[in-house]
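**Q** Attaching a single structure in structure tokens format; questions to follow.
The values are calculated or read from the model by the stated rules, or taken from the named source; none is laboratory data. All values derive from a computational prediction rather than experimental measurement. Glycine gets a Cβ as well: all are built from the backbone with ideal geometry, and neighbour counts include every protein chain shown. The area values use the complete protein model at the heavy-atom level, side chains included, leaving out ligands, DNA and RNA. Shrake-Rupley method; radii C 1.70, N 1.55, O 1.52, S 1.80 Å.
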Amino acid sequence: MSLMSTRNKILELYGIERGNDLAERVAALVNEAASMPMKWGQMTLAEGVQDILGRVSVRHPELSHEALTEIGRCVGWQLW
């Protein structure tokens, strides 16, 4: 699912005002995660994404496992 279709789904579920706020938060979290520096070494893409998500979860302990999984999907696509 693209970021635009994700935004549209959020707007559909939460309405314009709350949905816009949530969509901006989601985009900011994905951008933050995708911009984290990596020391790839021998890591696979999946291991790299897990490394990033570990750091995101420390910075944002309020995020659920499901939220982290979705952020990981977005980051994985960006890194691939």
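**Q** Say we look at the stretch 37-65 and pick out the residues that are among the aliphatic types (A, V, I, L, M) and more than 16 Å from residue 80 (Cβ to Cβ); which of these is most open to solvent (accessible area, probe 1.4 Å)? Write out each step before concluding.
**A** Restricting attention to the stretch 37-65, the residues satisfying the condition of being among the aliphatic types (A, V, I, L, M) are 38, 43, 45-46, 49, 52-53, 56, 58, 63.
Retained after the next criterion (residues that are more than 16 Å from residue 80 (Cβ to Cβ)): 56, 58, 63.
Values: 56: 2, 58: 116, 63: 34 Å².
For the stretch 37-65, the residue satisfying everything is 58.
**Q** Restricting to the stretch 23-36, name every residue that is closer than 18 Å to residue 6 by Cβ and open to solvent by less than 60 Å² (accessible area, probe 1.4 Å).
**A** 23, 26, 27, 28, 29, 30, 32, 33, 34
Results for (1) over 11 Å from the mean Cα position of the chain (by Cα); (2) outside any helix (DSSP H, G or I); (3) not small (Gly, Ala, Ser), shown as yes or no for each residue.
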| position | (1), (2), (3) |
| --- | --- |
| 11 | yes, no, yes |
| 25 | no, no, yes |
| 49 | no, no, yes |
| 54 | yes, no, no |
| 58 | yes, no, yes |
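**Q** Sticking with this structure for a sec: Let me spell it out: the conditions are (1) surrounded by 14 or more Cβ atoms within 10 Å (Cβ to Cβ); (2) acidic (Asp, Glu); (3) more than 19 Å from residue 80 (Cα to Cα), and residue 12 meets all of them except one. Which number is the exception?
**A** Every condition holds for residue 12 apart from (1).
**Q** A further question follows. So residue 18 clears everything in (1) touching a Leu at 6+ places or on another chain (Cβ under 8 Å); (2) free of Cβ contacts under 8 Å to residues at least 12 places away in the same chain except one condition, right? Which one?
**A** With respect to (1) touching a Leu at 6+ places or on another chain (Cβ under 8 Å); (2) free of Cβ contacts under 8 Å to residues at least 12 places away in the same chain, residue 18 is out only on (1).
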